[in-house]
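The values are calculated or read from the model by the stated rules, or taken from the named source; none is laboratory data. Computed from a predicted model, the values in this text were never measured in an experiment. Positions of Cβ are backbone-derived with ideal geometry, glycine not excepted, and every protein chain shown enters the neighbour counts. For the accessible areas, the whole protein counts, side chains as well, though only heavy atoms, and no ligand, DNA or RNA atoms are used. Shrake-Rupley method; radii C 1.70, N 1.55, O 1.52, S 1.80 Å.
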Amino acid sequence: MRTKYPLLKLFVALWLLFGYTHLQAHEDTLHTVSTSANVDFVSRYIWRGIEIGHAPGIQPALSATWKGFTLGSWGSYKLTGAGGQETDFYLSKSVGFVTVAVWDYWNFCDTTATDFFNYGNTTTAHLLEAQVLLSGGETLPFNFLASWFFYGADPSRSIYFELQKWLEIEFNSEVELLNMIRKGEFRLAITGSYLLSVEERFAPGTIVDMYCYIGLYLELSIKAKLNLMLKENDFPIIVEEDLGLNLKS
């Protein structure tokens, strides 16, 4: 049973519906249901640092939010070649800076028979994950995510932690931020401004060490992303002499 194309068609139909329809709650309330729909095209699929899709793909997303509750779905489908596909559903609730969510990840192969409704603990292809997200907002420039796979295809019941948005920025922004550090203007950036605001809470020299770490991180990140772009476009990557010697040893 091929499941890739019917699911993709369903996503496209719902995306068009959400894109042109503004849903409202029951007439006796003033609360509005807000909807969101988007589609990304990617050269490959990387999830939590792990490369899952080794081919170009399409990643549609749909969600509807009401009174802090969000019901949504996300998918990743390869555009070339057969192999693994993914369709996810989630329900979340946000209260202030805290968001709790339950995700249902479903990974399947589009060339083999797959039963979406198989939720047997030892036979299912689903992964159920509980998440807690703490958002720093504009005053604290990072989010903290903690999650636990509590049911399904992960028998080890993995626990995952992630610090988000502290330095998770686009390539152009990284270059701009690194230039600000080198010009002594880092205090004008959001991250630099925040570090200065908490300087008194740390031992002398700690903030300077953090500045140095951020500068080093940005420099290495820019070099790594540059090499990835060169590799994806079939250009030779740049290997520094000392790094090359370490890699060969």
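Here are the numbers for this structure:
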| read-out | value |
| --- | --- |
| Built amide H within the under 5 Å cut-off of Phe142, gap 5+ | Gly136, Gly137 |
| Accessible area, probe 1.4 Å, largest first, for residues Lys231, Lys67, Lys225 | Lys231, Lys67, Lys225 |
| Pair Val39, Arg182: separation of 7 Å Cα→Cβ label points (nm) | 4.1 nm |
| Theoretical FRET efficiency, 1/(1+(r/R0)^6), r = Cβ-Cβ of Glu200 and Val175, R0 45 Å, to 0.05 | 0.90 |
| In Å², nearest 10: area of Thr111 left accessible to a 1.4 Å probe | 80 Å² |
| Protein accessible area in the stretch 40-141, 1.4 Å probe - carbon and sulfur % | 67 percent |
| Listed residues His126, His54 arranged by accessible area, highest first, probe 1.4 Å | His54, His126 |
